[in-house]
Each structure stands twice: as structure tokens, then as C-alpha cells.
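Scroll down for the structure; my scribbles are underneath it.
Just so it is clear, none of the values below were taken in a lab; they were calculated from the coordinates. Note that the structure is predicted; figures quoted are calculated from it, not measured. Counting neighbours? That spans all protein chains shown, and the Cβs are built from the backbone with ideal geometry, glycine included.
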Amino acid sequence: MPASSRDQRDLALRHLDALIRRGRELQQSSGATIAVSGAGDLRGWQQQCAAAVTHLSGGSKAHWLSRAFSDALLVRSIDGAAVAEAPPEEIVGRLVHVLEQARTALVQMDSASGLDLSNPENSDAAPEPLRRFAFVHRRGLHAVLERTFADSRDAFDQGEFALALVLVCGVLETIVTDALQHAASRAPLATDLDDQLARMPFAGRIAAAERAGLISGACRRLPPAALQYRELVDERGGLRSDTVVLARDARAAGQVLRVVMRDLDPGR
């Protein structure tokens with residue numbers, strides 16, 4: 001790695017260390033203290049985190065670091081029926097984790113090739129964020145889900161809202177089905193759910209997962225188009241020519257997916 005690149009990396013590491021250290025100091029405060037007396041400090045620290053993420057990701061919203069930063073600001077409501085900003089103390093903990101991921105990626109950069117974290121071509125260089133679907137029991141699905149999840153975001157960013165919704169719902173149905181199958185395999189005598197899955201529509205699988213306590217009620221926010229997403233696809237696997245999906249519907253489906261991912265992976 002050239003000296004200039006090494007110097008830039010070292011500078012970035014020092015900046016990340018300072019942000020992580022400040023974040024941990026904020027974590028030591030109670031939520032009420034942060035919300036009242038430390039609101040200005042939190043905003044300033046969060047803005048510094050956002051600037052660091054923008055720099056390291058090269059300003060690309062599709063970069064894994066930008067996505068991790070955005071995801072860290074989302075949380076489901078108590079009843080699981082809405083997505084809003086996380087409470088201050090949770091924001092701090094999640095952003096510290098994102099900063100730690102960025103630091104790990106910088107430390108592990110290939111010194112021979114001089115990988116640049118802000119280069120979009122290297123956006124998949126860090127292994128940590130590519131474990132979003134580690135909770136899925138069928139390991140062979142992990143890579144497919146990661147790719148589909150990324151494609152759905154790309155489609156949304158490009159204004160292809162119908163495609164984004166279909167991809168998101170495909171991921172959502174897959175992870176819900178996996179959870180149901182795993183639950184059925186653990187109690188084969190208590191339920192014949194596994195035998196029924198092949199005949200269940202998307203909405204039926206969601207309802208079954210809710211009854212089993214596997215997911216919250218977040219899926220109630222899914223727009224009608226999401227529950228019927230299979231009908232948006234023609235016989236050849238492409239989108240029907242008359243398909244129209246609004247941006248708000250595609251966005252809502254994506255938010256619901258993130259909540260369900262957290263339901264199925266409480267450690268996120």
C-alpha cells in the first residue's frame with residue numbers, strides 16, 4: 001500500500017476510534033439523560049458519524065456501510081406495526097456497531113492491493129455486513145438472499161418500484177417460510193404445518209408465523225400489492241407490462257422486511 005494510502009487509512013482509523021470512544025461515553029448515559037441534556041451532543045456526534053460514513057463509502061447510498069448506517073436508525077414500534085427512529089440510547093449502540101464494522105474493514109484491507117473502502121467496486125470487501133441472513137436455517141439460501149436484498153435496494157434507487165417490491169416480498173416470504181419449516185421440524189408431533197406450507201399463500205404464511213410467535217405484527221403494514229406480489233410476475237418470470245407500484249408501497253414493504261429480519265434475528 002502506498003504511503004499516502006496508508007496515511008489516509010491511519011487518519012481514518014484515528015477518526016473512527018475517536019467517534020467510537022465518544023459513542024461509548026454517550027452509551028454510559030441513561031436514555032433520559034441523552035434525550036434531554038445530551039440531545040445536542042448526540043446530534044453533533046451523529047452528524048460526525050454520518051460524515052465519516054459518507055467519506056468512507058464514497059457518497060454511495062448502495063455501499064454496505066451507507067446501508068448499515070441507515071438500518072441502524074430504524075426500529076419497530078412496540079406493537080411491531082410501524083417503523084420509526086430508534087430511541088437515543090439505541091441509536092448510539094447501533095451506530096457504534098456500524099463504526100466498529102467500518103474500522104474492521106479498514107484494518108483488514110489488503111495492503112498489497114491497496115483496497116479503498118470508499119471505492120464502490122470494493123463495497124463487498126468487508127465480510128461483516130454480509131451476514132444479514134445468518135439466521136436463516138438453510139445455509140444455501142444465504143448468498144441468494146443477500147443478492148436479492150441488494151438488488152431490491154438498487155431497483156428502488158433506480159425508480160423501479162415494482163421490481164423492488166417483488167424482490168423484497170420474495171425475500172420476506174423466503175425467510176418466513178424458513179422460520180416456519182424450522183419450527184415445524186422441532187415439533188413434528190405438535191403440528192402438521194410443514195405439510196401445509198406448499199399450499200399456503202403468502203398471506204397465510206405470514207399469519208401462521210404470527211400465530212406461532214415467530215414474528216410481530218409488522219406485516220400488517222404491507223400494502224395489498226405486496227400480499228399479491230406473485231401476480232405481478234408473468235409466466236416467464238418477468239414483470240407484467242401493466243404493473244404499477246407506488247414508491248410508498250415499495251418503501252413500506254422494505255421497512256416491514258427489516259422489522260421481520262429483526263424478529264427472526266433478535267441479536268441484530
Distant-in-sequence amide H partners of residue 233 (H built 1.01 Å from N, under 5 Å)
240
Multiply the residue gap between residue 55 and residue 13 by 0.36 nm, knock off their C-alpha separation, and tell me the result in nm, one decimal place.
13.9 nm
Calculate, for residue 182 and residue 247, the FRET efficiency according to 1/(1 + (r/R0)^6) with r their C-beta to C-beta distance and R0 51 Å; round to the nearest 0.05.
0.90
What does the charge add up to near residue 246, with Lys and Arg as +1, Asp and Glu as -1, over the other residues with Cβ less than 15 Å from its Cβ?
0
